[in-house]
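Before any comments, here is the structure.
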Amino acid sequence: MNAPTRFAPDRVTPSAPDTAPLRRFVRDFADLLDDTDDLDLILEYGSTLLARLVSHGGWLPEEYAQPHPERYQQYLLHCDSAERFSVVSFVWGPGQATPIHDHRVWGLVGVLRGAEKVQGFGRRDHDGALVQQGPTRDLLETEVEAIDPREGDIHRVENAFADRTSISIHVYGGNIGAVERATYRANGEERPFVSGYANPALPNIWDVSRTA
């Protein structure tokens, strides 16, 4: 006679954020890229999709919203299977900033929490040094900005706050952590880099069992 089956006691499953907004965004953005390769349309309609995503913040898993005490963090949230686009959360500790850098692909940035300060660099002087284009501007919570390489994509970004974390959601026209890009010294000298990502594993946004 077989021994009776012993059932393990019920385990308490930790609460998880409702990632439905991110799932919907990923699907809608993939549909957009299926429908058009016109960059103007991608940036226009993609901005609308991203603005909807960052209009509320309960969907971002907490482990992808954690600052690092020394440097900003770039967490991969999703990468399209054909690497047509990637979605990342940028988490800025107080006062943290990027070096001057480029992207070499189109991009969209939406602020989920806090605010960012952005300095654009549109040209070089006669010595080759980068020249700031326009004043430093604030990108505020829920606002979205497009990055268009056709118009220049070199900038520097920093957390607008010296006493709290800011988080922005970025969408790029490729697997941004694998794109060969450059940082820049003030004199215009380029330094190649590949950013990679802060997280070794993706969030599982497709499991709806804990939020159904």
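Each value in this text was obtained by applying a stated rule to the coordinates, not by laboratory testing. Here the structure is a predicted model, which is why all the values come from computation and not from measurement. Don't worry about glycine lacking a Cβ; one is built from the backbone with ideal geometry, like all the others, and counts go over all protein chains shown.
Odds and ends about this structure:
- Panel order for Leu60, Leu41, Leu76, by other beta carbons found within 10 Å of each beta carbon, from fewest to most: Leu41, Leu76, Leu60.
- Taking the fewest neighbouring Cβ atoms within 10 Å as the starting point, the ordered list for Trp59, Trp92, Trp206 is Trp206, Trp59, Trp92.
- Ranked packing of 102-110, 166-174, most packed first, by mean Cβ within 10 Å: 166-174, 102-110
- Theoretical ellipticity at 222 nm over the chain - DSSP helices of four or more residues, -39500 (n - 2.57) apiece, nearest 500: -5000 deg cm²/dmol
- Rounded Å value of the spacing that divides the Cα centres of segment 85-162 and segment 179-212: 15 Å
- Rounded tilt (10° steps) of 39-53 against the dominant C-alpha axis of the chain: 50 degrees
- Charge dipole (debye, nearest 20) of the chain; +1 at Cβ of Lys and Arg, -1 at Cβ of Asp and Glu: 720 debye
- Ordered by the count of other Cβ atoms within 10 Å of each Cβ, fewest first, Leu33, Leu130 give Leu33, Leu130.
- Extended-chain gain in nm, criterion 0.36 nm per residue less alpha-carbon gap, Trp206 and Glu180: 6.4 nm
- Using alpha-carbon coordinates, inclination of helix 20-35 to the longest axis of the chain, degrees: 60 degrees
- For segment 159-212, the pair-distance distribution built from all alpha carbon pairs, in bins 5 Å wide starting at 0, is 4, 12, 12, 16, 19, 19, 8, 4, 3, 2, 1 percent.
- Kirkwood hydrodynamic radius computed over the chain comes to 18.6 Å, based on all pairs of distinct alpha carbons.
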